[in-house]
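Take a look at the structure below.
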Amino acid sequence: MSEWKEYTLLELCEIHDTKRKPISSTEREKIKGSFPYYGASGIVGYINDYIFSYDTILISEDGENLNSRKTPIAFRATGKYWVNNHAHVLLPKSEHYFPIIINYLEAMDLNSYITGAVQPKLSQENLLKITITMPAVEEEQRAIAGVLSSLDDKIDLLHRQNKTLEGMAAAVFRHFLVDNRKATWQECTVSGLADHEKTSIHPNRNPATLFYHYSIPAFDESHMPVHELGALIQSNKYEVMKNTILFSKLNPHKDKRVWLIPSSIAKNSVCSTEFQVMNPKAEKYLFFLYSFISHPGNYDEIAAGVGGTSGSHQRIDPEVIFRFMCFLPDDNTLTDYNEMVEQIFGKMHHNRKSIQTLIHHRDTLLPKLMSGEVSVKV
């Protein structure tokens, strides 16, 4: 193995933070179509102007986002796009630095680089102090990048598959049960189709027991529960049962969190009390009810019922969810609908499990690759 060297980000990248300037009117007239407008956490809109037309790494400067990891710390932006002032823009000096830098930043603890009490931020000065240790020989760097890129590509493919599947499920619901709704279908409330389960669990009373925790951060990160010992879960939780739906009452008007729980879940599954556990009165209602409350028009109307004095933490009264007016298709229609969407939702869950496994392999392998404990053939 060759010598390993410590590099700063400044040595690996060019800084393009100062290049966010509007294009000239002459150049603007040549542009047709809209282009992504990137913020610190991804695409925040589309505009007709663009400033970047080459791949860069965007890194969040928001300390709160960096600590919560609700959205990616670093990601690759491609094509033609604009970037706002909440992301650092880095242009790696070599193509193979992209996966190394992104994965390294995602895996590391950035707390020591974040400053500011009121508005914590990762300043450009501190960003450029971050160091990455890797082989000095370029061929070995490229070999490491190839391994990371392969895993990232598989993860990205599964994410894109799930977006497509989610769109398919929504389209089936809209066509089959919304556009072709029959006047003979019974009207009811959500509570007529599902019970509100509130079985309280105290994980910290069993500190050595492993729990499967359906938390808000777990939903945001992967739509998969995290495994935690009872000793690490201080507050009370709700029991999670198979074939149920979790609806978050926290800031529903800002963050849509509706979690479909499959038919096979682990023992000791619990969820945050921010989630309301909806237990369908019959299994045949599960996919219909999930799709109904996830449907944009219905969800937005439910979410509009938020209240509270805090602007950042508003909640919805569970009664607003369960009193919401719904309809009940006939059994034959429900059976046909379930047959169409069961495989779609099953495939989405399978993909999420695969994503979780791949991320675990990548995150376990990364420090071993970067320390030289595991080597790859050049």
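No lab work stands behind these numbers, since they all come straight from the coordinates. Predicted model only: the values in this text are computed from it and were never measured. Because the Cβ atoms are built from the backbone with ideal geometry, glycine has one as well, and the counts that use them run over all protein chains shown.
Close amide H contacts of ASP62 (hydrogens built in the peptide plane, cut-off under 5 Å, sequence separation of 5 or more or a different chain): LEU122. Reported value for the chain: 182 Å³ per residue, from the convex hull of its C-alpha atoms.
Mean residue ellipticity at 222 nm, helices only, the chain: -11000 deg cm²/dmol; runs of at least 4 DSSP H residues each add -39,500 (n - 2.57), and the sum is divided by the number of residues. Just add up the charged neighbours of LYS267: K/R +1, D/E -1, any other residue whose Cβ is under 12 Å from the Cβ of LYS267. In short, 0. Taking every DSSP bridge with both residues inside the chain, close to 90 percent are antiparallel.
Annotation: amide H-H contacts under 5 Å for VAL44 (H modelled 1.01 Å from N, sequence separation of 5 or more, or interchain): TYR37, TYR38, GLY39.
Go ahead and collect, in residue order, the members of the stretch 193-209 whose backbone nitrogen is under 15 Å from a label point 7 Å along the Cα-Cβ direction of THR273. Only 197-205 pass the distance filter. Computing FRET efficiency as 1/(1 + (r/R0)^6) for SER222 and GLN186, where r is the C-beta to C-beta distance and R0 is 25 Å, gives about 0.10.
Give LYS129/LYS353; LYS249/LYS347; LYS80/LYS154; LYS5/LYS121; LYS182/LYS256 a once-over and call out the pairs whose C-alpha atoms are over 31 Å from each other.
From LYS129/LYS353; LYS249/LYS347; LYS80/LYS154; LYS5/LYS121; LYS182/LYS256, over 31 Å: LYS129/LYS353.
Arranged from fewest to most other beta-carbon atoms within 10 Å of their beta carbon, MET325, MET348, MET340 become MET325, MET340, MET348. Extension gain, LEU232 to THR133: 0.36 nm times the residue separation minus the Cα-Cα distance gives 32.4 nm.
A Förster radius of 30 Å, combined with the Cβ-Cβ distance separating ALA107 from GLU319, puts the computed FRET efficiency at roughly 0.10.
Normalising the Debye intensity of the stretch 186-328 to I(0), with uniform scatterers on Cα atoms only, and taking log10 at q = 0.09, 0.19 Å⁻¹ returns -0.27, -1.14.
Please give the net charge around GLN161, taking every other residue with its beta carbon less than 12 angstrom from that of GLN161, where Lys and Arg add +1 and Asp and Glu add -1. My count for the surroundings of GLN161 gives +3.
Panel order for SER94, SER60, by other beta carbons found within 10 Å of each beta carbon, from fewest to most: SER94, SER60. Find out how many positive minus negative residues lie around ASP317, taking Lys and Arg as positive, Asp and Glu as negative, among other residues whose Cβ is under 12 Å from that of ASP317. So the surrounding residues net to +2. Using 0.36 nm per residue and subtracting the Cα-Cα separation, the extra length available between SER200 and VAL376 on full extension is 58.5 nm.
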